[in-house]
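This is the structure I want to talk about, given as structure tokens.
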Amino acid sequence: TTPVFQWKVNGIIVGGNNPVYSYVPVNGDVIICILTSNAVCASGNPATSNAVTMIVNPNLPVSVSISASANPVCSGTSVTFLASTINGGTNPFYQWKVNGINVGISTNPYSYVPLTGDHIVCVVTSDAICPTGNPATSNQITMTVNPNLPVSITIAASANPVCSGIAVTYTATPANGGSSPVYQWKVNGVIAGTNSSTYTYNPASGDQIVCILTSNVLCPIGNPATSNIITMNVPASPVVTFTRCNDSITAIIAQPFKLKGGIPLGGTYSGPGVNSSTGIFTPSVAGTGTKTLTYTYTNAALCSASASHSIIVLAAPVFVCGNNITDVRDTKGYPTVKIGSQCWMAANLNYGSNIASSQDQRDNCQPEHYCYNDNLVNCNTNGGLYQWDELMQYDVTPGLQGLCPPGWHIPTEADWNILFTNYISNAFAASPLLFSGFSGFNALFSGTRHINKSWDYQGFATFFWSSTAHGTNKAWSHGMNDTDPSVSLYQAYRNNAFSVRCVHD
């Protein structure tokens, strides 16, 4: 009625007299129980139980960590999250959570398109034997999702249209180019320039320029990007000539004169001593030395071209009226005479190239004259014969130098009248002014070439031009002959060819 229980673990008595024994076994422990009965006539007493050999499995701590296939990522990119489990057993259960909300099913890995700031964790329930910390929660991944940046590029030219031979700079303006954008310029599809946001070259008409931008920003779209196309308009520059229509040699005392000879018309003259607004060259302003004069023309497309030639400006010569002068332009000499307050050449002007009397003298930038009867000997003795416009260099301003030497001019009507007053008036002035007279003026009967291209009056009369015009087709002139002591006044057609006397400025 009162049995005695004796427990043993690994042969060692443990516990008390109790049919139940509790303890924390260790793997391999052998437990038995010995029963001592107080029954009457008990046999096999005490009795030993069967042995229980304990199998004690270790405790398995469960843990899980997760990783993302990419972080940060670009907007719209699917990211795969992988769970790495310790002691998950043979068939662990995965519960993914995004921002605390259960997502997905028991799967590993898990993929979705995240938004920036999303928090991802995974809770794993292990089916291992003796798990601890089960279920286990992973680390948290906070996603950074960068916005997609559209890459673009525009280019602009410093000038278009542009004149031939002018360098043009093209400037690229990138959008979302990043900190180190790469530029690739192309002209007509051929790689050009360097990795720079600008490119400069001399374009030809029709050239097509583009630039390709490769951005290094995060999350670019449309990368690389190609710019707009610039098609160049390069009109031809004008063909400009500047024919010398002025003296190549002059003196600092010469009158200002208007430059011409630039083609096409409508351009601008420039250089030392040149007033660009009027085109007038003033030797005294230019100073002595060789001066470069330039003609520049700009066409409707604003393209310019220039041509130049030089003029030599000499110092003022030492001159005493009554001595011979030398024309610096062709080295011909002329006697001079002082009459009253004026100094006159005492011989007729013989400057320029002789042309046939069958031709009219022209505004061709070549000083021209006739020799009476088309005989050069007559020019050498009596000087040349000039049509009025040629003599005036096609300028109607009275008192101009015209074809006279530097420092001299074609006499105006006022100059002639001053001369005549030295001999009372023009009614009496011819006799002293003729070669047979006493004045030293030495007027020769050099004759004329009429407007009808006929010769007349040699040996009988002479006519001198005035620089004073009369209307649009005529100019004043003065005639002297062998029989009349007076000096005649004529309104002569400008196409007549008369002799010329120059008076000192």
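The values are calculated or read from the model by the stated rules, or taken from the named source; none is laboratory data. Since the model is a prediction, treat every value here as computed from it, not as a measurement. Cβ coordinates were reconstructed from backbone atoms using ideal geometry, including for glycine residues, and neighbour counts include every protein chain displayed. Each accessible area value is taken on the protein alone, full model and side chains, heavy atoms only, with ligands, DNA and RNA left out. Shrake-Rupley method; radii C 1.70, N 1.55, O 1.52, S 1.80 Å.
Once fully extended, how much extra length lies between T107 and A300, figured as 0.36 nm per residue of separation less the alpha-carbon to alpha-carbon distance?
Numbers: separation 193, 0.36 × 193 = 69.48 nm, distance 7.72 nm.
This chain segment gains 61.8 nm when fully extended.
Separate question: Lone cysteines in the chain, going by a 4.7 Å Cβ-Cβ cut-off?
Cys with no partner Cβ under 4.7 Å: C33, C41, C122, C130, C211.
Could you derive backbone 3J(HN,Hα) for region 138-144 from the dihedral phi with the Karplus parameters 6.51, -1.76 and 1.60 (θ = phi - 60°), listing whole Hz in sequence and x where the residue is Gly or Pro?
For region 138-144, the Karplus-derived couplings read 6, 4, 9, 10, 9, 7, 10 Hz, x marking Gly and Pro.
Could you name the aspartates and glutamates whose alpha carbon sits less than 12 Å from that of K474, not counting residues in the same chain fewer than 8 places away?
Reachable aspartates and glutamates: D389.
Let me ask something else about it. Karplus couplings for region 81-88 from phi (6.51 cos²θ - 1.76 cosθ + 1.60, θ = phi - 60°), rounded to Hz, Gly and Pro as x?
Result, ordered by residue: 10, 10, 9, 10, 10, 10, 6, x Hz.
Which whole-number percent gives the relative contact order of region 144-266, counting Cα pairs below 8 Å spaced six or more residues apart? Walk me through the numbers before you get to the answer.
Numbers: 264 pairs, mean separation 34.2, N = 123.
Worked out over region 144-266, it gives 28 percent.
Further question on the same structure: Cα to Cα, under 16 Å, and not fewer than 8 places away if on the same chain: which aspartates and glutamates meet these conditions relative to K186?
List returned: D207.
Compute log10 of I(q)/I(0) for the chain with the Debye formula, placing one identical point scatterer on every Cα and leaving out solvent, at q = 0.10, 0.12 Å⁻¹, to two decimals.
-0.91, -1.06
Roughly how many Å is it from the Cα centre of region 434-488 to that of region 342-372, as a whole number?
15
Given the whole protein assembly as supplied and a 1.4 Å probe, what does the accessible area of T1 come to in Å², nearest 10?
150
Roughly how many Å² is the accessible area per residue of region 268-320, as a whole number, for a 1.4 Å probe?
Numbers: 2640 Å² over 53 residues.
I get 50 Å² per residue for region 268-320.
H504: accessible area at probe 1.4 Å, nearest 10 Å²?
That residue has around 60 Å² of solvent-accessible surface.
Under the √(5λ) rule applied to the eigenvalues of the Cα gyration tensor, what semi-axes describe the equivalent ellipsoid of region 188-347? Give them in Å, descending. Don't skip to the answer; put the middle values down first.
Details: eigenvalues 730, 43, 27 Å².
Gyration-tensor ellipsoid for region 188-347: 60, 15, 12 Å.
Apply the Kirkwood formula to region 296-341: the hydrodynamic radius equals the inverse of the mean of 1/r over all pairs of different alpha-carbon atoms; give it in Å with one decimal.
Values: mean 1/r = 0.0677 Å⁻¹.
Evaluated on region 296-341, it is 14.8 Å.
Which lysines, on any chain, are close to K260 with Cα under 19 Å apart, when same-chain ones fewer than 8 places away are left out?
Filter leaves K291.
Then there's this: With a cut-off of 8 Å between alpha carbons and a minimum separation of six or more residues, what is the relative contact order of the chain in percent? Can you show the working numbers first?
Working: 1272 pairs, mean separation 39.0, N = 505.
This gives 8 percent for the chain.
Counting each DSSP H run of 4 or more residues in the chain as -39500 (n - 2.57), what helix-only mean residue ellipticity at 222 nm follows after dividing by all residues, to the nearest 500 deg cm²/dmol? Write down the numbers at each step before the final one.
Details: 5 runs with 28 residues, N = 505.
That calculation yields -1000 deg cm²/dmol at 222 nm.
Which value, in Å², gives the accessible area per residue of region 1-138 when a 1.4 Å probe is used on the protein heavy atoms?
Accessible area per residue, region 1-138: 59 Å².
Determine the order of M480, M54 by accessible area, beginning with the largest, at a probe radius of 1.4 Å. Show your work: numbers first, answer last.
Working: M480 5, M54 60 Å².
My answer, sorted largest first, is M54, M480.
Follow-up. List the equivalent ellipsoid semi-axes of region 62-147 in whole Å, largest first, each obtained as the square root of 5λ for an eigenvalue λ of the Cα gyration tensor.
Details: eigenvalues 133, 22, 20 Å².
Here the semi-axes work out to 26, 10, 10 Å.
Which value results when the Cα radius of gyration for region 454-493 is divided by 2.2 N^0.38 Å?
Numbers: Rg = 11.0 Å, N = 40, 2.2 N^0.38 = 8.9 Å.
Its radius of gyration relative to the 2.2 N^0.38 Å reference: 1.23.
Please list the equivalent ellipsoid semi-axes of region 187-262, computed as the square roots of five times the alpha-carbon gyration tensor eigenvalues, in descending order and whole angstrom.
Over the Cα atoms of region 187-262, the semi-axes work out to 54, 15, 9 Å.
With θ set to phi - 60° and the Karplus curve 6.51 cos²θ - 1.76 cosθ + 1.60, what are the ³J(HN,Hα) couplings of region 153-167 in order, to the nearest whole Hz, using x for Gly and Pro?
3J(HN,Hα) across region 153-167, in whole Hz: 8, 10, 10, 9, 9, 5, 7, 5, x, 9, 7, 4, x, 9, 6.
Suppose we take every Cα in region 111-239 and form the convex hull; what volume per residue is that in Å³?
Details: hull volume 17.5 nm³, N = 129.
Dividing the Cα hull volume of region 111-239 by its residue count gives 135 Å³.
Oh, and also: Need one word for region 341-439: rounded, prolate or oblate. Basis is the Cα gyration tensor (sqrt eigenvalues a ≥ b ≥ c); a/c below 1.5 gives rounded, then a/b vs b/c decides. Don't skip to the end; give the middle numbers.
Values: a/c = 2.36, a/b = 1.47, b/c = 1.61.
Oblate, since a/c reaches 1.5 and b/c is not below a/b.
Kirkwood hydrodynamic radius of region 394-450 from all distinct Cα pairs, in Å? Don't skip to the answer; put the middle values down first.
On the way: mean 1/r = 0.0770 Å⁻¹.
Here the Kirkwood hydrodynamic radius works out to 13.0 Å.
In percent, what relative contact order does region 391-500 have, based on Cα pairs under 8 Å that are 6 or more apart in sequence?
Answer for region 391-500 is 24 percent.
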